[in-house]
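Some notes on the structure that comes next.
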Amino acid sequence: MTAIQTIESQDLTIDKLFEDFYIVPDYQREYVWEEIQVEQLINDIYAEFLLAQTSGEAEYFIGGVVVCTKPDRVFELIDGQQRMTTIYIILCAIRDFLHVCKAPPISTLASKIAWGDVDSDGNDIFRYRVELQYEDSGDILKVLADESDDISAYSSETRSIKNIKNAYQVTRTFLKREFAEDIPNLRKFYSFFTKKVKLIRIRTQSITHALKIFETINDRGKGLDSMDLLKNLMFMQAKPEKFERLKERWKKLVDTLYNADEKPLRFLRYYIFAAYNVEQLKEEDIYDWFKKNEDKCQYHSDPIGFINELLIAANAYKNFINGKNELGNSNRYLENLRYLSGSAKQHLILLLAGRDLPEDCFTELCRQVENLFFVYIITRENTREFERKFALWSSELRSVNNHEELDAFIIKRFEPAKQELSARFDLTFKQLDSLDLQRYRIRYLLGKLTQYINEQAFGSSGSETDLKTFVNKKVHLEHILPEIPSIEASKEFGKPDLFDSYVYRLGNLALVEEPINTSLGNKPFSEKKVVYPSSKFLLTRVISKKDNIGHTQIDIALQGMEPFETWTPNDIDNRQRILGQLACRVWGMPSPPA
């Protein structure tokens, strides 16, 4: 007699989910989430946390996992290992961050990472809540779970290990950025994270059955049901002869957003901000907004025309995300925004609003948007606040038709916003270290500074001046004072008690080409300084040697910069000050008020 397969589906908080133990079997693919996916998960949860503080504690659903029951209360993860591994990393990072801040531990946190159990024979055993069994992972997750303070020194470096280390660093950077001065708020965030963030766990008795469920729920067409209500609004009053064309246009819209790896509701929300006079709108209110504003959208009277407008905007949106203008042509500043934005996409509101500008005006708008967006990111301006501003400004931007009107718009909106943040921008650069920003944004920042000096010296023509020249995988982030210094490097630095507060400072960072980075290692500055002049990057060369040619573009580009003979805390402070002054020129920031 064939056993009846049972399926159990449970709606569980992270708190409840991590009362059990999970293994990721060796046939699973490795951990592939990169910084952008980890950052997006954390930022989405954090945004819901902030919203819950002002509008009541709503629950937040982040997806599902499929598991197969194993002996001894262990579940084999068939689907969802990327998300589950990331949640586990976040729990480890919160525990470690509290320890570094010398704050009291959270009493329940340790049990979410590892706990004692009893096996089927009644023997006491110790188990990690998540264990990776595929070879590519090594034992990096156990190292994290066991509170190792130095995972950077972990010797193996497979793709999974690198991604797990990066995920941990992204989380630590987020925690430092948002909670360094507010541990009580971190404890509230932990409570929200474990008690209000939910997943659906689907459990089966066999791997075969679990894999069949996995295949079903991961069908490409799923996950877009949030747009079905809007689709139905148009179909309800459309004539039957238009149904086929409506379906075809709608499918193109959905496919366009899918290929852009974009959430349909975020696109719709930003489209409303860009196309109509709306300053604030929650995702859950989009459908009601469309129902109340048929007179503006005309999806009943002209559903084909309405979908065509959405499709044109979605194609432009996809191009902007991919670093191109509405026509699909390369755009330098949109390319730059790809390196800066990560999961943050509020700038797309203004780009959608200004997409009908003449091409040269749109290019200038993109330059201004990149600069202002960076200012908001680096000064940690509240994202909801500048999103609201972008929505507010969109109605004015839609009426801009030429350079004169665009200049007036920039003067009215962008310049005062920069002036308001100039003091904070200046202070940020005086204090900035690489733990304050995501790694890709630190690379963007240094890439822009390095690019600017090279362009000032050699001109801006040719592909070698593109930002990707300075931030690609063959360009490395160099710590002039090494992260793990040699004895000689420590002696030359001279202040061992200040090492932790200076090694990650912006003034201690530079970009170097891969061959040069290989030769630098953890050597002292006295040995490194003879290597830096071989770099093609002037900003790196000038660390130890200034090209004094005499009244040339190179001299002008390097004005105010002098090479260093030593590398002490005072030298790092001086270089940080120089880079801060350079940043004001690069991003067009006014001088801060006295």
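The numbers here are math on the coordinates, done by the rules we state, and not lab data. All values derive from a computational prediction rather than experimental measurement. Don't worry about glycine lacking a Cβ; one is built from the backbone with ideal geometry, like all the others, and counts go over all protein chains shown.
Would you mind checking which residues have amide H under 5 Å from Val65's amide H? H placed 1.01 Å from N; only 5 or more apart, or other chain.
Sorted by chain and number, the residues that satisfy this are Ile200, Arg201, Ile202.
Antiparallel DSSP bridges in the chain: what percent, to the nearest 5? Display every interim value, and only then the final one.
Working: 24 of 37 bridges.
Antiparallel bridges make up about 65 percent of those DSSP assigns within the chain.
Whole Å is fine, so just give me how far the alpha carbon centre of the stretch 525-594 lies from that of the stretch 18-89.
A separation of 44 Å, based on Cα centres.
Which whole-Hz ³J(HN,Hα) couplings does the stretch 352-359 yield from phi under the Karplus relation 6.51 cos²θ - 1.76 cosθ + 1.60, θ = phi - 60°, glycine and proline marked x?
My calculation for the stretch 352-359 gives 5, 5, x, 5, 8, 5, x, 4 Hz in order.
Can you show me the helix-derived [θ] at 222 nm for the chain, built from DSSP H runs with n ≥ 4 at -39,500 (n - 2.57) apiece and divided by the number of residues, rounded to the nearest 500.
After summing the helix terms and dividing by residue count, I get -16500 deg cm²/dmol.
What order, most packed first, do the peptides 261-268, 390-397, 349-356 have when packing is the mean number of other Cβ atoms within 10 Å of each residue? Don't skip to the answer; put the middle values down first.
Working: 261-268: 18.1, 390-397: 20.5, 349-356: 23.8.
Packing order, densest peptide first, comes out as 349-356, 390-397, 261-268.
Treat every Asp and Glu Cβ in the chain as -1 and every Lys and Arg Cβ as +1, leave all other atoms uncharged, and give the resulting dipole magnitude about the Cα centre to the nearest 20 debye.
680 debye
For Asp571, Asp255, what's the fewest-to-most ordering of other Cβ within 10 Å of each Cβ?
Ranked by crowding around the Cβ, least crowded first: Asp255, Asp571.
Rounded, prolate or oblate: which fits the stretch 532-590 when a ≥ b ≥ c are the square roots of the eigenvalues of the alpha-carbon gyration tensor, with rounded for a/c under 1.5 and prolate only if a/b beats b/c?
Oblate.
Arrange the peptides 41-51, 366-376 so that the one whose residues have, on average, the most other Cβ atoms within 10 Å appears first.
For the peptides 41-51, 366-376, the packing ranking is 366-376, 41-51.
Using Cβ contacts closer than 10 Å as the measure, can you line up Ser501, Ser422, Ser107, Ser137 from fewest to most?
Details: Ser501 12, Ser422 17, Ser107 7, Ser137 24.
Ordered by Cβ neighbours within 10 Å, fewest first: Ser107, Ser501, Ser422, Ser137.
Residue by residue, what Karplus-based ³J(HN,Hα) values in Hz, rounded to whole numbers, does the stretch 371-385 have, using 6.51, -1.76 and 1.60 with θ = phi - 60° and x for Gly and Pro?
4, 5, 4, 4, 4, 5, 5, 5, 8, 6, 5, 4, 5, 5, 5
Highest mean first, what order results for 89-95, 181-187 on Cβ atoms within 10 Å?
Descending packing order for the listed peptides: 89-95, 181-187.
Towards the positive end of the charge dipole of the stretch 518-566, with charges on Cβ (+1 Lys, Arg; -1 Asp, Glu), say which of Pro563, Gly521, Phe537 has the farthest Cα.
Result: Gly521.
How would the chain be classified by its alpha-carbon gyration tensor: rounded, prolate or oblate, with rounded meaning a/c under 1.5 and the a/b versus b/c comparison settling the rest?
Numbers: a/c = 1.99, a/b = 1.10, b/c = 1.81.
It is oblate, given that a/c is not under 1.5 and a/b is not larger than b/c.
Just need the relative contact order of the chain here, percent rounded to a whole number, with Cα pairs under 8 Å and 6+ apart.
Relative contact order for the chain comes out at 12 percent.
Along the charge dipole of the stretch 444-510, pointing to its positive end and built from +1/-1 on Cβ of Lys, Arg, Asp and Glu, which listed residue (His479, Leu467, Gln451) has its Cα farthest out?
Checking the options against the dipole of the stretch 444-510, the answer is Leu467.
Once each part is reduced to its C-alpha centroid, what is the distance from the stretch 256-330 to the stretch 378-423 in angstrom?
Taking the Cα centre of the stretch 378-423 as reference, the centre of the stretch 256-330 is 21 Å away.
Going by how many other Cβ atoms sit within 10 Å of their own, how do Ile202, Ile543 line up, fewest first?
Ile202, Ile543
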